[in-house]
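Working notes, structure below.
The values are calculated or read from the model by the stated rules, or taken from the named source; none is laboratory data. Note that this is a predicted model, so its numbers are computed, not measured. Because the Cβ atoms are built from the backbone with ideal geometry, glycine has one as well, and the counts that use them run over all protein chains shown. Heads up: the accessible areas ignore ligands, DNA and RNA and are worked out on the full protein's heavy atoms, side chains in. Shrake-Rupley method; radii C 1.70, N 1.55, O 1.52, S 1.80 Å.
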Amino acid sequence: MKHNEIPPGSLTLLILRTLARHGTLHGYEIAESILQASDNVLEVEEGSLYPALQKMLVNNWVKAEWGVTKGNRRARYYQLTAAGRKQLAAESSNFERVYSAIARVLQTA
């Protein structure tokens, strides 16, 4: 199945929602969760994922701790903060507003 580009501006929303749903995950788990939840359509590339996570750390939307994976590898585990939950609500609301507007345009075309 073909992987598609994640629409601009929605990666943050996808990451925050994934962490809200699953709790604490490391980067690879976040990417895999998004891929699986999207029926193998949305593939998050490392080059996009880690800069997005770094931005979220700077904005205090997530916190991170070093840990060890099931495969005995060192990894940084990310968890949503209270500020991240607020941001998730704001991003979700904005996405729904834009999605609804696009749907209205497509229906009238």
**Asked** Taking only C-alpha pairs under 8 Å that are 6+ residues apart, what is the relative contact order of segment 37-87 in percent?
**Response** 29
**Message:** For the chain, what are Rg and Dmax over the alpha carbons, in angstrom?
**Reply:** 15.1, 54
**Relative contact order of the chain, pairs being alpha-carbon contacts under 8 Å that are 6 or more residues apart, as %** = 28
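I'd like to check one number: the per residue accessible area of the chain, probe 1.4 Å, reported in Å² as a whole number.
Heavy-atom accessible area per residue stands at 68 Å².
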**Request:** Measure out, as a whole number of angstrom, how far apart the alpha-carbon centroids of segment 2-41 and segment 87-109 sit.
**Result:** 19
**Asked** How large is log10 I(q)/I(0) at q = 0.31 Å⁻¹ when the Debye formula is applied to the Cα atoms of segment 1-52, each weighted equally and without solvent?
**Response** -1.48
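What FRET efficiency comes out for the pair R85/E43, r = Cβ-Cβ distance, R0 = 35 Å, nearest 0.05?
0.85
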**Message:** Using a 1.4 Å probe on the protein heavy atoms only, what accessible surface does E91 show? Give it in Å² to the nearest 10.
**Reply:** 40
**Message:** Accessible area of the chain with a 1.4 Å probe: how many percent of it is carbon plus sulfur?
**Reply:** 51
**Message:** Suppose R0 equals 25 Å. What FRET efficiency, 1/(1 + (r/R0)^6) with r the Cβ-Cβ distance, do N60 and A103 give to the nearest 0.05?
**Reply:** 0.15
